[in-house]
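Undergrad: This is the structure I want to talk about, given as structure tokens.
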Amino acid sequence: MSLETLWLALLGLLLAGYFVLGGYDYGAQMLSPFLGSADAGPRPDAGAGTGPGAGAGTGPDGRNAALDAIAPFFLGNEVWLVAFAGVMFGAFPHLEGSLLSGLYPLIVAILAGLVLGNAAIQLRGRSRGPRAVKVWNALVVLGGALPAVCWGIVVGLLLHGVPRRADGSFHVGAGEVFGPFALTCGVATALLFAGHGAAFVALRSEPGTAAAARRLGATLLAAAGAAGALALVLSLFGAGASMTRTGTSAVLFALVVAALAAGWWFLGRGRDTLAFTATCLATALPVLLIGAGQYPYLLSASAGGGITVDEAVADGATLKVLIGFGVVVVPLILLYQGWSWWAFRGRTGRRHPSYF
């Protein structure tokens, strides 16, 4: 395997890992008003209307079940996004320059959503009075929905192709962002992340909340499948994805559909671990669809062509220097993630206290 292929695979792994792990964070945030009653035992610090989760969308002890589920992993999952950005900056500098400049408004919106959601989750616990907490709860939802929709639009734009100027630079305008295919992908991704978050909450929560999360998650996955079907129809009529490897793309799309169907099936039967495994696959596969379905292009142009892997990658000497990053940092990320999952295994309220 060449160094270029190795770094491309690592880039895809990090982005897929972020979609899987950050996706259920966004999903839990979006679902927090609907899965707000935490039915585990009360927290030691719970007080009437003063705890971190006090207010609308919370249980009688001030807790929020959806946010409790992600509490031990809060902010830790963003490490994958930081690592992805590091690999892109170091190993694919030409892609970074073209991608960030072309998708600048969407990248800013994603970062704004991250900051807003993280701040809202923290500040809601320090608010006094139900009105203030309601405001923070609404911002928690917005902080999850905004990055989810924008990431979906980014995926849609990359699948469709980005407009290229005469000087070779890429630019995305309002017409592309609000095009039917990009918006459909944005809605489909938000629904998928929400269903993924519901599966995670079902896996982590006590029976009452888990049952509600299963019902809601099954509905969301079915809706995500419907939105994906619409995106496929748009592609078949020439207004959607433009893939260089149609056979590979068809197989990967079928796998996404199968993963959604499996997640829906297992949620309906209370098989939380299998349902979450299926939604993990469904959230990771779109990254593979972009990489493998459009190979050898890393960034395709809507009029054809684009930036190939060979054009985007750094020189061989730089890639060799960066090997230390892949050999040391990536295993550390995997070890940290595995340790955190092991340390906080079990359902919320049994192995650890509530944090939000």
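The values are calculated or read from the model by the stated rules, or taken from the named source; none is laboratory data. Predicted, not measured: the structure shown is a model, and the values here were computed from it. Accessible surface is based on the protein model in full, side chains and every heavy atom, while ligands, DNA and RNA are left aside. Shrake-Rupley method; radii C 1.70, N 1.55, O 1.52, S 1.80 Å.
Undergrad: Give a residue-ordered list of calculated ³J(HN,Hα) values for segment 254-261 (Karplus: 6.51 cos²θ - 1.76 cosθ + 1.60, θ = phi - 60°; whole Hz; x for Gly, Pro).
TA: Each residue's phi maps through the Karplus curve to give 5, 5, 4, 4, 5, 5, 4, 5 Hz.
Undergrad: Identify which of G316, G217, G293 has the largest mean-square fluctuation in a Gaussian network model of the chain, with springs joining Cα atoms closer than 10 Å.
TA: In this elastic network of the chain, the residue with the biggest mean-square fluctuation among G316, G217, G293 is G316.
Undergrad: If you wrap a convex hull around the Cα atoms of the chain, how much volume per residue is inside, in Å³?
TA: Details: hull volume 44.7 nm³, N = 356.
It comes to 126 Å³ per residue, whole-number rounded.
Undergrad: Something else now. Can you compute 3J(HN,Hα) from phi for each residue in segment 292-300, using the Karplus curve 6.51 cos²θ - 1.76 cosθ + 1.60 with θ = phi - 60°, rounded to whole Hz and x for Gly and Pro?
TA: Listing the rounded values in order: 7, x, 10, 4, x, 8, 8, 9, 8 Hz.
Undergrad: What number, in percent, do you get for the relative contact order of the chain if the mean sequence gap of Cα pairs under 8 Å and at least 6 apart is divided by its residue count?
TA: Details: 617 pairs, mean separation 82.5, N = 356.
Relative contact order, the chain: 23 percent.
Undergrad: Could I ask something else about it? Accessible area per residue of the chain at 1.4 Å probe, in Å²?
TA: Ligands and nucleic acids excluded, the result is 42 Å² per residue.
Undergrad: Taking all protein chains in place and a 1.4 Å probe, what share, in percent, of the accessible surface of the chain do carbon and sulfur account for?
TA: Working: 10630 of 15120 Å².
Result for the chain: 70 percent of the exposed heavy-atom area is carbon or sulfur.
Undergrad: Can you compute the helix-only [θ] at 222 nm over the chain? Use -39500 (n - 2.57) per DSSP H run of at least 4 residues, normalise by all residues, nearest 500 deg cm²/dmol.
TA: On the way: 14 runs with 238 residues, N = 356.
Result for the chain, helices only: -22500 deg cm²/dmol.
Undergrad: Next up: So what's the angle, to the nearest 10 degrees on a 0 to 90 scale, between helix 330-343 and the longest Cα principal axis of the chain?
TA: That works out to roughly 20 degrees.
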